[in-house]
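Here's the structure, in structure tokens; my notes come after.
Each reported figure results from applying straightforward, stated rules to the coordinates on display, with no laboratory input. Here the structure is a predicted model, which is why all the values come from computation and not from measurement. Neighbour counts are summed over all protein chains in view; Cβ atoms, including those assigned to glycine, are modelled from backbone coordinates with ideal geometry.
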Amino acid sequence: MIISNFSKYSNLLKGYTELRCQENSSIGIMMTNGNLIQNIRSSSSGISARVNVNGAWGFASNSNVNDESIRQVLNIARQNGEFLNSK
């Protein structure tokens, strides 16, 4: 599931935040002597966030794309940025 409108998460964005949803898909067809041997379609998706906290970058990602994982990724990315900023 690709999400194209992140506006409902705008209240969770603090400072500079990048939120990205990506889906990769591929199709593989194998033929031998004109005979179809294999026909494969696959896809994978995920969500990631990158947050800048006073010059320290926090990052988090999740292969599940749903409301809970988006909120979690934003929160963890911010926590990672805060942790790195404290060092």
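The stretch between Leu84 and Ser48, if pulled fully straight at 0.36 nm per residue, gains 11.2 nm over its current Cα-Cα span. Considering helices alone, the calculated mean residue ellipticity of the chain at 222 nm is -7500 deg cm²/dmol, with DSSP H runs of length four and up weighted by -39500 (n - 2.57) and normalised per residue. Around the Cα centre of the chain, unit charges on the Cβ atoms of Lys, Arg, Asp and Glu (plus for the first two, minus for the last two) sum to a dipole of about 160 debye. Computed from phi, the 3J(HN,Hα) profile of the stretch 60-65 under the Karplus parametrisation 6.51, -1.76, 1.60 (θ = phi - 60°) reads 7, 8, 8, 7, 8, 10 Hz, with x in place of Gly and Pro. When semi-axes √(5λ) of the Cα gyration tensor in Å is calculated for this entry, the matching label among [x] 34, 26, 7; [y] 25, 19, 15; [z] 37, 14, 9 is [z].
Axis angle, to the nearest 10 degrees, between helix 67-85 and the longest C-alpha principal axis of the chain: 50 degrees.
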